[in-house]
1. Quick one: the Cα spread of the chain along its three principal axes, in angstroms, biggest first?
2. Among LEU35, ALA71, PHE16, whose Cα sits farthest toward the positive end of the charge dipole of the chain (+1 at Cβ of Lys/Arg, -1 at Cβ of Asp/Glu, about the Cα centre)?
3. For every other residue with a beta carbon closer than 14 angstrom to the beta carbon of ALA80, add +1 if it is Lys or Arg and -1 if Asp or Glu, then tell me the sum.
4. Report the calculated FRET efficiency for ARG66 and ARG33 (r = Cβ-Cβ distance, R0 = 30 Å), to the nearest 0.05.
5. Return one whole number: the accessible area per residue of the chain in Å², for a 1.4 Å probe.
6. Pop out the ³J(HN,Hα) list for the stretch 13-21 in order, Karplus 6.51 cos²θ - 1.76 cosθ + 1.60 with θ = phi - 60°, rounded to Hz; leave Gly and Pro as x.
7. Could you size up the charge dipole of the chain around its Cα centre, putting +1 on the beta carbon of Lys and Arg and -1 on that of Asp and Glu, and report it in debye to the nearest 20?
8. With a 1.4 Å probe and all protein chains left in place, how much of the accessible area of the chain comes from carbon and sulfur atoms, in whole percent?
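The values are calculated or read from the model by the stated rules, or taken from the named source; none is laboratory data. None of these values were measured; they are calculated from a predicted model. FYI the Cβ positions are ideal-geometry reconstructions off the backbone, even for glycines, and counts take in every protein chain you see. Heavy atoms of the whole protein, side chains included, go into the accessibility calculation; ligands, DNA and RNA do not. Shrake-Rupley method; radii C 1.70, N 1.55, O 1.52, S 1.80 Å.
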Amino acid sequence: MLLPAEKELRAVLARFADARFRHDLQPTGHSSRELEDTSGTLCVLTGTESVDEALVAADALLEQLRADRRAIRKTAQSLAA
């Protein structure tokens, strides 16, 4: 599976959170469709079949990206020394 770009993943998570909040606050047909659309996008992006799985996968992907950045910085510091 190709990993999504961190910026894209964070943007979809933000859109999902916003849609979820608005739908929970005042459910309408529009908010329901928006929540369904962002949920589907999040599932596709993370390669999962449910929102709960997608959120867990997104957290894991973000942690992996953070760990990769730390490793790159550590290597760069070692090479510079």
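1. Over the chain, Cα extents along the principal axes are 59, 23, 15 Å.
2. Towards the positive end, the residue furthest out is ALA71.
3. Values: positive: ARG73, LYS74; negative: none.
Net charge around ALA80: +2.
4. Values: r = 33 Å, r/R0 = 1.10.
The formula returns an efficiency of 0.35 here.
5. Numbers: 5780 Å² over 81 residues.
Here the residues of the chain average 71 Å² of exposed surface.
6. 4, 5, 4, 4, 4, 5, 5, 5, 4
7. Value, rounded to 20: 560 debye.
8. On the way: 3340 of 5780 Å².
Here carbon and sulfur together make up 58 percent of the probe-accessible area.
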